[in-house]
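Quick notes on the structure that follows.
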Amino acid sequence: MAVKTSSQANRPAHALPAKDQEGGKPHNKDGNETQSFEEKRLEWIVATLSAAVTLALAGFILYEALTKTGEAPDISFVASKAVAMTQGVVIEVEVHNDGHVTVADVEMEARADFGGGEEEIGTVTLNYLPAESISEIGFGFSREVDPQQVSFRVLGYTYP
Amino acid sequence: MPLGMLRGIGGALIFSLPILMTMEMWQLGLTLDWWRMLALLLGAFPLLVLLSNEIGFESTQNWSEDVRDVLIAYGIGILTSASILALLAIFHDPMTPSDFAAKVALQAVPGALGALLGRSQFGDEERNPAQKKETFVGELLIMAAGALFLSLNVAPTEEMQLISFRMSAWHALLLIPISLALMHAFVFAASFAGGSELSPETPWWSAFLRFTVSGYVVALVICFVVLWLLGQLDGLSLQRAVRVVVVLGFPAAIGAAAARLIL
């Protein structure tokens, strides 16, 4: 990418080398070409807003660093709906991690109770379950099942 | 073939080859919502037109010429991407129209950006930037282009999220001043050949606020938009999303600063 062009040396940047300031266009004490009042005002408005955004961003992360000090994930499941497939059915589930820690390779199991001791197990593995996030997944079963009759649990995870 | 077109193809190759050979981009072509892809294609258009006016194929006289140049750049980007993806056997076999369209459309923007900047990268004797009046908005646009280039290269990769997951809030907090310091050093202190220099009278904080901090925020905005359009922030809380943006902001800030030297 770093291919130089001969024209770059001629490029009049906002801040020019001192030697370039001796001739040609007039410059102010900051070493810039004399700018219109509007352009200077725009520069400082953008600079002020940008500084405010950067400080707010840093403040937000600092607040997080000081307050969100939990060291364990908090994983829970909310079954949303059953989606009929040509073969079988999929129970769509929201996986919540309300903890302050991201986990990886999260293995989860859904157990559907069809009554009479008959049950089926579906499993899903998520690459990552970020802290304070929600991921949508689906567990497949061979026949129709009420989402309320399905129980979920975490089989295991690692830390990224 | 006109020399300008060859330069455009060269630029498209240099800018988009890393993304063309990134697995996540092929997958995103199939999984990304159609409206996000459309937003990326349409949203990049005005940015590229402004960029064309600033540093494009050639010295343009009016906006219609810039629109024409950007359309040509999109064409070069699409053709180059389709050719390389076909050469690398990235399309499914048998190839479906939707597979082809989705994968190529996603690569069109980096390809067009590369094609547009190809001229300034490979030199254009007919163009003399010294004749063009540099403006603050123009400087920000050039920085946005640099940030877009580097952020597009890494935003779709899993590593961006993985890094943000591994980092603590303290790491993220430290990354902000380091990004700013590197950015500032890159442009104003390193005195790279052909780069901008400061006059001894310029207070450091003046240049830092006007160019470095403004450029950093431009880079962060570009990062947020790119991550969001590529679906990389989906399901993340605000805190996690901010952290991914700050992580991607690191290379984007360097890209923004470097663009002022390179473009």
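The values are calculated or read from the model by the stated rules, or taken from the named source; none is laboratory data. Remember, predicted model here, so these are calculated numbers, not experimental data. Don't worry about glycine lacking a Cβ; one is built from the backbone with ideal geometry, like all the others, and counts go over all protein chains shown. We work out accessible area using only protein heavy atoms, side chains counted, and drop any ligands, DNA or RNA first. Shrake-Rupley method; radii C 1.70, N 1.55, O 1.52, S 1.80 Å.
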Report task. Could you tell me whether the stretch B:27-37 includes any residue that is open to solvent by less than 70 Å² (accessible area, probe 1.4 Å), in contact with a Pro (Cβ under 6 Å, 6 or more places away or on another chain) and either over 20 Å from B:Leu141 (Cα atoms) or not in a helix (DSSP H, G or I) (or both)? Result -> yes
Requested in this report: For A:Phe60, state whether it is more than 27 Å from the chain's Cα centre (by Cα) and not β-branched (Val, Ile, Thr).
Outcome: no
Query - Selection status of A:Phe77, in contact (Cβ under 8 Å) with a residue 12 or more places away in the chain and either assigned to a loop (DSSP other than H, G, I, E, B) or over 23 Å from the mean Cα position of the chain (by Cα) (or both) - result: no
Query raised in the report: Within the stretch A:104-119, can one find any residue that is over 20 Å from B:Gly235 (Cα atoms) and assigned to a helix (DSSP H, G or I)?
Result: no
Report task. Have a look at A:Val101, A:Val90, A:Val145 and point out the one that is in contact (Cβ under 8 Å) with a residue 12 or more places away in the chain, in a strand (DSSP E or B) and surrounded by 15 or more Cβ atoms within 10 Å (Cβ to Cβ). Result -> A:Val90
Requested in this report: Would you please list the contacts, defined by Cβ atoms under 6 Å and residues six or more apart or on different chains, that run from a residue in the stretch B:143-161 that is in contact (Cβ under 8 Å) with a residue 60 or more places away in the chain to a residue that is in a loop (DSSP other than H, G, I, E, B) and open to solvent by less than 20 Å² (accessible area, probe 1.4 Å)?
Outcome: B:Ala155/B:Leu230; B:Pro156/B:Leu230
Query raised in the report: Applying the selection to the stretch B:185-236, what residues are in contact with a Gly (Cβ under 6 Å, 6 or more places away or on another chain), at the interface with another protein chain (Cβ under 9 Å from one of its Cβ atoms) and at pLDDT 70 or above?
Result: B:Leu220
Report task. Kindly indicate the residue of the stretch A:127-142 that is within 7 Å of chain B (Cβ to nearest Cβ) and assigned to a strand (DSSP E or B) and also most open to solvent (accessible area, probe 1.4 Å) among those meeting that condition. Result -> A:Ile134
Query - Matching residues, the stretch A:56-87, being surrounded by 13 or more Cβ atoms within 10 Å (Cβ to Cβ) and under 24 Å from B:Val217 (Cβ atoms) - result: A:Leu57, A:Ala58, A:Phe60, A:Ile61, A:Leu62, A:Glu64, A:Ala65
Requested in this report: Identify, by number, the condition in (1) modelled with pLDDT of 85 or more; (2) in contact with an Asp or Glu (Cβ under 6 Å, 6 or more places away or on another chain) that B:Thr22 doesn't meet.
Outcome: (2)
Report summary line: Residue set B:Arg127, B:Arg119; condition facing chain A (nearest Cβ under 8 Å), open to solvent by 20 Å² or more (accessible area, probe 1.4 Å) and modelled with pLDDT under 90; output residue B:Arg127
